[in-house]
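The values are calculated or read from the model by the stated rules, or taken from the named source; none is laboratory data. Quick caveat, the model's predicted, so the values are computed rather than measured. Every residue, glycine among them, receives a Cβ derived from its backbone with ideal geometry; neighbour counts consider all protein chains shown. The accessibility values were calculated without ligands, DNA or RNA, using every heavy atom of the protein model including side chains. Shrake-Rupley method; radii C 1.70, N 1.55, O 1.52, S 1.80 Å.
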Amino acid sequence: MTIGELIALLESYPSDMRVVVNGYEGGYDDLSPQQIAAERITLNTGVHDWVGRHGDPRDASINASEFPEVVDALVLRRTSN
């Protein structure tokens, strides 16, 4: 998803609708501006079902020659423990 696609999607909802993220094991948490940041990610590096599809380019276990595509992405971070 791109920023443009996200904006178009968000415009289809009421502007006063609450925005949440899924909790660590269940439930939902509010989303705040402090949880949103641009970060570099490495595409298509997840190898297990329980790991996200994309990874952190600083991860020493990622072989740069195998996964060369590093891009900027807007990350929405969950803060629940």
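Relative protection proxy for 34-42, 7-15, from highest mean packing down: 34-42, 7-15 (other beta-carbon atoms within 10 angstrom). Compute the signed sum of charges (Lys and Arg +1, Asp and Glu -1) over the other residues within less than 15 Å, Cβ to Cβ, of Gln34. Once all neighbours under 15 Å are counted, the net charge is -1. Spin-label model, Ser15/Asp72: points 7 Å from Cα along the beta carbon direction are separated by 2.7 nm. With the convex hull drawn over the C-alpha atoms of segment 1-48, the volume per residue is 136 Å³.
Ligands, DNA and RNA are left out, and with a 1.4 angstrom probe the accessible area of the chain is 84 Å² per residue.
For the chain, the 222 nm mean residue ellipticity estimated from helices alone, with every DSSP H stretch of n ≥ 4 adding -39500 (n - 2.57) and the total spread over all residues, rounds to -2500 deg cm²/dmol. If you sort Asp72, Asp16, Asp30 by accessible surface, 1.4 Å probe, largest first, the order is Asp16, Asp72, Asp30. The orientation-averaged shadow of the Cα convex hull for the chain, equal to a quarter of the hull surface, comes to 6.8 nm².
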